1. What residue, among those in the stretch 53-89 that are among the acidic types (Asp, Glu) and closer than 15 Å to Gly32 by Cβ, is surrounded by the most Cβ atoms within 10 Å (Cβ to Cβ)?
2. Of the residues in the stretch 16-41, how many are part of a loop (DSSP other than H, G, I, E, B) and within 23 Å of Glu229 (Cα to Cα)?
3. Look through the stretch 114-157, keep the residues that are among the acidic types (Asp, Glu) and either part of a helix (DSSP H, G or I) or assigned by TED's automatic domain parsing to the domain that holds Asp21 (or both), and return whichever of them is nearest to Pro83 (Cα to Cα).
4. Of these, His67, His93, His60, which one is outside any loop (DSSP other than H, G, I, E, B) and in the same structural domain as Asp189 (by TED's automatic domain parsing)?
5. How many residues does the stretch 142-174 contain that are β-branched (Val, Ile, Thr) and either touching a strand residue (DSSP E or B) at 6+ places or on another chain (Cβ under 8 Å) or buried (at least 16 other Cβ atoms within 10 Å of the Cβ) (or both)?
6. Of the residues that sit in the stretch 223-249 and are acidic (Asp, Glu) and surrounded by 13 or more Cβ atoms within 10 Å (Cβ to Cβ), which one is nearest to the chain's Cα centre (by Cα)?
7. So which residues in the stretch 230-250 are in a helix (DSSP H, G or I) and in contact (Cβ under 8 Å) with a residue 40 or more places away in the chain?
8. Can you pull out every residue in the stretch 113-128 that is in contact (Cβ under 8 Å) with a residue 12 or more places away in the chain and out of contact with any Lys or Arg (no Cβ under 8 Å at 6 or more places or on another chain)?
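The values are calculated or read from the model by the stated rules, or taken from the named source; none is laboratory data. The model shown is predicted, which means the values in this text are computed figures rather than measured ones. When we count neighbours, we look across all protein chains shown, and the Cβ atoms used for this are built from the backbone with ideal geometry, even at glycine.
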Amino acid sequence: MAHCIVPSAEEILDKEFPVLDKGFVRLVDYLGSDERIVQAARVSYGKGTKTFREDRGLIHYLLRNEHTSPFEQVVLTFHIKLPIFVARQWIRHRTARVNEISGRYSVLKEEFYLPALEDLAPQSKDNKQGRATEPFPPEVGEGILRRLSTLQGEAYKVYEELLETGLAREVARIVLPLCAYTEWYWQMDLHNLMHFLKLRMDPHAQKEIRLYAQVIFEITKRVCPIAMEAFEEYVLRGVPFSGKEREALRALVKRLESKGAILEKEWEEIGAASGLEGKELERFREKVEGNKDAL
(Lines give C-alpha, C1' and ligand atoms only; values in the text may rest on other atoms or scores of the structure.)
Protein backbone atom coordinates (compact mmCIF):
# COMPACT_ATOMS: atom_id res chain seq x y z
CA MET A 1 0.00 0.00 0.00
CA ALA A 2 1.64 3.21 -1.19
CA HIS A 3 2.14 6.25 1.02
CA CYS A 4 -0.71 8.71 0.42
CA ILE A 5 0.26 12.21 -0.69
CA VAL A 6 -2.55 14.76 -0.94
CA PRO A 7 -1.46 17.95 -2.80
CA SER A 8 -4.13 20.12 -1.13
CA ALA A 9 -2.91 18.97 2.29
CA GLU A 10 0.75 19.43 1.39
CA GLU A 11 -0.01 23.08 0.55
CA ILE A 12 -1.01 23.86 4.14
CA LEU A 13 1.43 21.72 6.14
CA ASP A 14 2.88 23.79 9.03
CA LYS A 15 0.78 26.81 8.07
CA GLU A 16 -0.76 28.57 11.08
CA PHE A 17 -4.49 29.23 10.93
CA PRO A 18 -5.35 31.88 13.55
CA VAL A 19 -8.07 31.23 16.12
CA LEU A 20 -9.27 33.68 18.81
CA ASP A 21 -6.90 36.56 19.60
CA LYS A 22 -3.60 34.70 19.99
CA GLY A 23 -4.31 31.03 19.22
CA PHE A 24 -3.77 28.95 16.11
CA VAL A 25 -4.11 25.51 14.55
CA ARG A 26 -1.61 24.02 12.14
CA LEU A 27 -1.48 20.64 10.45
CA VAL A 28 1.85 19.05 11.34
CA ASP A 29 1.43 15.70 9.59
CA TYR A 30 -1.12 13.28 8.21
CA LEU A 31 -1.21 9.56 7.46
CA GLY A 32 -3.67 8.39 4.84
CA SER A 33 -6.39 10.03 2.77
CA ASP A 34 -9.66 9.21 1.03
CA GLU A 35 -7.62 6.73 -0.98
CA ARG A 36 -6.47 4.94 2.17
CA ILE A 37 -10.08 4.62 3.37
CA VAL A 38 -11.19 2.83 0.22
CA GLN A 39 -8.02 0.72 0.17
CA ALA A 40 -8.77 -0.44 3.71
CA ALA A 41 -12.40 -1.15 2.84
CA ARG A 42 -11.40 -3.06 -0.30
CA VAL A 43 -8.40 -4.76 1.24
CA SER A 44 -8.29 -7.42 -1.49
CA TYR A 45 -8.10 -4.89 -4.33
CA GLY A 46 -5.19 -2.85 -5.63
CA LYS A 47 -4.87 0.81 -6.51
CA GLY A 48 -6.76 1.94 -9.59
CA THR A 49 -9.38 -0.80 -9.62
CA LYS A 50 -12.24 1.62 -9.00
CA THR A 51 -13.31 4.98 -10.39
CA PHE A 52 -13.58 8.23 -8.43
CA ARG A 53 -17.37 7.95 -8.50
CA GLU A 54 -17.26 4.43 -7.09
CA ASP A 55 -14.76 5.47 -4.42
CA ARG A 56 -16.99 8.37 -3.44
CA GLY A 57 -20.01 6.07 -3.32
CA LEU A 58 -18.15 3.61 -1.10
CA ILE A 59 -17.03 6.28 1.38
CA HIS A 60 -20.56 7.65 1.58
CA TYR A 61 -21.89 4.11 2.08
CA LEU A 62 -19.39 3.41 4.87
CA LEU A 63 -20.22 6.57 6.81
CA ARG A 64 -23.95 6.35 6.22
CA ASN A 65 -24.00 2.81 7.61
CA GLU A 66 -21.51 3.52 10.41
CA HIS A 67 -18.79 1.19 9.13
CA THR A 68 -16.14 3.21 10.90
CA SER A 69 -12.96 1.10 10.99
CA PRO A 70 -11.69 2.17 7.51
CA PHE A 71 -11.76 5.81 8.70
CA GLU A 72 -9.43 4.88 11.55
CA GLN A 73 -6.72 4.23 8.94
CA VAL A 74 -6.35 8.02 8.54
CA VAL A 75 -4.48 9.88 11.29
CA LEU A 76 -3.91 13.64 11.59
CA THR A 77 -1.49 15.50 13.86
CA PHE A 78 -2.10 19.13 14.78
CA HIS A 79 -0.09 21.76 16.66
CA ILE A 80 -2.60 23.86 18.57
CA LYS A 81 -2.28 26.97 20.71
CA LEU A 82 -5.33 27.48 22.89
CA PRO A 83 -6.49 28.92 26.24
CA ILE A 84 -6.29 26.51 29.16
CA PHE A 85 -10.05 26.60 29.78
CA VAL A 86 -10.61 25.43 26.18
CA ALA A 87 -7.96 22.73 26.63
CA ARG A 88 -9.78 21.39 29.69
CA GLN A 89 -12.93 20.86 27.59
CA TRP A 90 -10.90 19.49 24.68
CA ILE A 91 -9.08 16.85 26.73
CA ARG A 92 -12.39 15.14 27.45
CA HIS A 93 -11.90 13.47 24.04
CA ARG A 94 -9.73 10.70 25.43
CA THR A 95 -9.00 8.84 22.18
CA ALA A 96 -6.39 11.44 21.17
CA ARG A 97 -2.66 11.32 21.77
CA VAL A 98 -1.50 14.57 23.37
CA ASN A 99 1.81 16.21 24.24
CA GLU A 100 1.36 19.56 26.00
CA ILE A 101 3.90 22.24 26.85
CA SER A 102 5.00 21.87 30.48
CA GLY A 103 5.04 24.71 32.97
CA ARG A 104 7.40 22.59 35.05
CA TYR A 105 10.14 22.72 32.40
CA SER A 106 9.41 26.04 30.69
CA VAL A 107 8.67 29.60 31.75
CA LEU A 108 5.22 30.28 30.38
CA LYS A 109 4.69 33.29 28.14
CA GLU A 110 2.61 36.32 29.05
CA GLU A 111 -0.20 35.39 26.71
CA PHE A 112 -3.80 35.46 27.83
CA TYR A 113 -7.12 35.19 26.02
CA LEU A 114 -9.11 38.42 26.03
CA PRO A 115 -12.61 37.99 24.54
CA ALA A 116 -14.04 40.35 21.96
CA LEU A 117 -16.80 42.69 23.10
CA GLU A 118 -19.45 40.72 21.21
CA ASP A 119 -18.50 37.58 23.14
CA LEU A 120 -19.21 39.10 26.55
CA ALA A 121 -22.78 38.19 27.45
CA PRO A 122 -24.73 37.38 30.62
CA GLN A 123 -25.60 33.84 31.67
CA SER A 124 -28.33 32.33 29.51
CA LYS A 125 -31.71 32.01 31.20
CA ASP A 126 -32.56 28.75 29.41
CA ASN A 127 -29.10 27.16 29.18
CA LYS A 128 -27.35 26.42 32.47
CA GLN A 129 -23.93 26.05 30.86
CA GLY A 130 -23.96 28.80 28.23
CA ARG A 131 -24.20 32.52 27.62
CA ALA A 132 -27.08 34.56 26.26
CA THR A 133 -27.17 35.47 22.59
CA GLU A 134 -27.22 39.21 23.23
CA PRO A 135 -23.94 40.69 24.55
CA PHE A 136 -23.66 43.31 27.26
CA PRO A 137 -23.91 46.97 26.20
CA PRO A 138 -20.49 48.26 25.02
CA GLU A 139 -19.89 50.35 28.15
CA VAL A 140 -20.47 47.29 30.38
CA GLY A 141 -18.36 45.05 28.15
CA GLU A 142 -15.46 47.51 28.09
CA GLY A 143 -15.48 47.60 31.88
CA ILE A 144 -15.33 43.81 32.01
CA LEU A 145 -12.42 43.76 29.55
CA ARG A 146 -10.50 46.28 31.65
CA ARG A 147 -10.91 44.13 34.75
CA LEU A 148 -9.88 40.98 32.89
CA SER A 149 -6.82 42.66 31.41
CA THR A 150 -5.79 44.07 34.78
CA LEU A 151 -6.15 40.70 36.46
CA GLN A 152 -4.11 38.99 33.75
CA GLY A 153 -1.30 41.52 34.06
CA GLU A 154 -1.21 41.28 37.85
CA ALA A 155 -1.21 37.47 37.78
CA TYR A 156 1.74 37.35 35.41
CA LYS A 157 3.62 39.93 37.47
CA VAL A 158 3.23 37.75 40.57
CA TYR A 159 4.33 34.72 38.51
CA GLU A 160 7.54 36.52 37.49
CA GLU A 161 8.19 37.69 41.05
CA LEU A 162 7.80 34.16 42.38
CA LEU A 163 10.25 32.85 39.78
CA GLU A 164 12.73 35.54 40.79
CA THR A 165 12.62 34.30 44.40
CA GLY A 166 13.82 30.95 43.12
CA LEU A 167 10.48 29.22 43.59
CA ALA A 168 10.16 26.12 41.42
CA ARG A 169 8.37 26.69 38.12
CA GLU A 170 5.92 23.88 38.87
CA VAL A 171 4.68 25.82 41.92
CA ALA A 172 4.91 29.39 40.58
CA ARG A 173 2.63 28.55 37.65
CA ILE A 174 -0.37 27.96 39.93
CA VAL A 175 -1.07 31.70 40.09
CA LEU A 176 -1.85 31.89 36.37
CA PRO A 177 -5.55 31.98 35.38
CA LEU A 178 -7.44 29.64 33.04
CA CYS A 179 -7.29 32.23 30.25
CA ALA A 180 -3.51 31.68 29.89
CA TYR A 181 -2.52 30.08 26.60
CA THR A 182 -1.03 26.61 26.36
CA GLU A 183 0.17 24.58 23.36
CA TRP A 184 0.05 20.92 22.45
CA TYR A 185 0.51 18.40 19.70
CA TRP A 186 -2.82 16.62 19.25
CA GLN A 187 -3.15 13.46 17.17
CA MET A 188 -6.34 11.57 16.37
CA ASP A 189 -7.67 9.11 13.79
CA LEU A 190 -10.36 10.34 11.41
CA HIS A 191 -13.21 8.33 12.91
CA ASN A 192 -12.69 9.80 16.38
CA LEU A 193 -11.92 13.22 14.90
CA MET A 194 -15.35 13.19 13.27
CA HIS A 195 -16.89 12.49 16.68
CA PHE A 196 -14.95 15.41 18.16
CA LEU A 197 -16.18 17.69 15.36
CA LYS A 198 -19.77 16.51 15.69
CA LEU A 199 -19.80 17.54 19.36
CA ARG A 200 -17.64 20.65 19.22
CA MET A 201 -19.19 22.18 16.07
CA ASP A 202 -22.63 21.84 17.60
CA PRO A 203 -24.28 25.20 18.40
CA HIS A 204 -24.55 24.15 22.06
CA ALA A 205 -20.76 23.89 22.42
CA GLN A 206 -18.90 26.90 23.84
CA LYS A 207 -18.11 29.41 21.11
CA GLU A 208 -14.35 29.40 21.70
CA ILE A 209 -13.98 25.66 21.13
CA ARG A 210 -16.42 25.79 18.20
CA LEU A 211 -14.07 28.20 16.45
CA TYR A 212 -11.18 25.75 16.84
CA ALA A 213 -13.36 22.86 15.64
CA GLN A 214 -14.40 24.79 12.55
CA VAL A 215 -10.77 25.45 11.59
CA ILE A 216 -9.87 21.78 12.13
CA PHE A 217 -12.86 20.78 9.99
CA GLU A 218 -11.65 23.00 7.13
CA ILE A 219 -8.10 21.63 7.43
CA THR A 220 -9.32 18.03 7.47
CA LYS A 221 -11.28 18.66 4.27
CA ARG A 222 -7.91 19.31 2.60
CA VAL A 223 -6.75 15.82 3.62
CA CYS A 224 -9.95 13.81 3.04
CA PRO A 225 -12.41 15.88 0.99
CA ILE A 226 -14.76 13.00 0.14
CA ALA A 227 -14.90 11.66 3.69
CA MET A 228 -15.61 15.11 5.08
CA GLU A 229 -18.24 15.69 2.40
CA ALA A 230 -19.97 12.52 3.64
CA PHE A 231 -19.50 13.60 7.26
CA GLU A 232 -21.14 16.95 6.53
CA GLU A 233 -24.04 15.28 4.73
CA TYR A 234 -24.83 12.43 7.12
CA VAL A 235 -23.57 13.70 10.48
CA LEU A 236 -23.53 17.51 10.60
CA ARG A 237 -26.67 17.97 8.51
CA GLY A 238 -28.35 14.64 9.26
CA VAL A 239 -31.09 14.24 11.87
CA PRO A 240 -31.76 10.85 13.53
CA PHE A 241 -35.28 9.77 14.50
CA SER A 242 -36.30 8.20 17.80
CA GLY A 243 -38.65 5.21 17.83
CA LYS A 244 -41.66 7.39 18.68
CA GLU A 245 -40.71 9.89 15.98
CA ARG A 246 -40.55 7.07 13.43
CA GLU A 247 -44.06 5.98 14.30
CA ALA A 248 -45.32 9.56 14.14
CA LEU A 249 -43.75 10.03 10.70
CA ARG A 250 -45.24 6.79 9.42
CA ALA A 251 -48.67 7.83 10.68
CA LEU A 252 -48.29 11.19 8.93
CA VAL A 253 -47.37 9.52 5.64
CA LYS A 254 -50.29 7.11 5.84
CA ARG A 255 -52.67 10.01 6.45
CA LEU A 256 -51.31 11.86 3.43
CA GLU A 257 -51.53 8.72 1.30
CA SER A 258 -55.15 8.19 2.31
CA LYS A 259 -55.86 11.67 0.91
CA GLY A 260 -53.96 10.92 -2.27
CA ALA A 261 -51.38 13.58 -1.37
CA ILE A 262 -48.24 11.57 -2.20
CA LEU A 263 -48.12 10.10 -5.69
CA GLU A 264 -45.23 8.82 -7.77
CA LYS A 265 -44.91 12.17 -9.50
CA GLU A 266 -44.72 13.97 -6.16
CA TRP A 267 -41.86 11.74 -5.04
CA GLU A 268 -39.95 12.58 -8.20
CA GLU A 269 -40.57 16.29 -7.69
CA ILE A 270 -39.43 16.07 -4.05
CA GLY A 271 -36.26 14.29 -5.16
CA ALA A 272 -35.50 16.86 -7.85
CA ALA A 273 -36.03 19.76 -5.46
CA SER A 274 -33.72 18.28 -2.80
CA GLY A 275 -31.05 16.84 -5.08
CA LEU A 276 -31.99 13.20 -4.35
CA GLU A 277 -31.91 10.78 -7.23
CA GLY A 278 -31.51 7.09 -7.96
CA LYS A 279 -30.67 4.99 -4.91
CA GLU A 280 -30.60 8.06 -2.65
CA LEU A 281 -34.23 8.84 -3.48
CA GLU A 282 -35.11 5.17 -3.08
CA ARG A 283 -33.53 5.08 0.41
CA PHE A 284 -35.38 8.27 1.35
CA ARG A 285 -38.70 6.72 0.34
CA GLU A 286 -37.91 3.60 2.35
CA LYS A 287 -37.23 5.73 5.41
CA VAL A 288 -40.37 7.82 5.04
CA GLU A 289 -42.71 4.94 4.15
CA GLY A 290 -41.22 2.57 6.69
CA ASN A 291 -40.45 -0.16 4.12
CA LYS A 292 -37.86 -2.79 5.12
CA ASP A 293 -37.82 -1.20 8.57
CA ALA A 294 -35.38 1.35 7.12
CA LEU A 295 -36.30 4.10 9.51
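1. Taking the stretch 53-89 and keeping what is among the acidic types (Asp, Glu), we get 54-55, 66, 72.
Checking the rest, the ones that are also closer than 15 Å to Gly32 by Cβ come to 55, 72.
On the way: Asp55: 19, Glu72: 17.
The extreme case among them is Asp55.
2. Number satisfying all stated conditions: 2.
3. Asp119
4. On the way: His67 fails: outside any loop (DSSP other than H, G, I, E, B); His93 fails: outside any loop (DSSP other than H, G, I, E, B).
Exactly one residue qualifies, and that residue is His60.
5. Qualifying residue count, the stretch 142-174: 0.
6. Glu232
7. Going through the stretch 230-250, the residues in a helix (DSSP H, G or I) turn out to be 230-236, 243-250.
If the condition is that a residue be in a helix (DSSP H, G or I) and in contact (Cβ under 8 Å) with a residue 40 or more places away in the chain, then Ala230, Phe231, Glu233, Tyr234, Val235, Arg246, Leu249, Arg250 are the ones that fit.
8. Keep residues of the stretch 113-128 that are in contact (Cβ under 8 Å) with a residue 12 or more places away in the chain, which gives 113-122, 127.
Those that are in contact (Cβ under 8 Å) with a residue 12 or more places away in the chain and out of contact with any Lys or Arg (no Cβ under 8 Å at 6 or more places or on another chain): Leu114, Pro115, Ala116, Leu117, Glu118, Leu120, Asn127.
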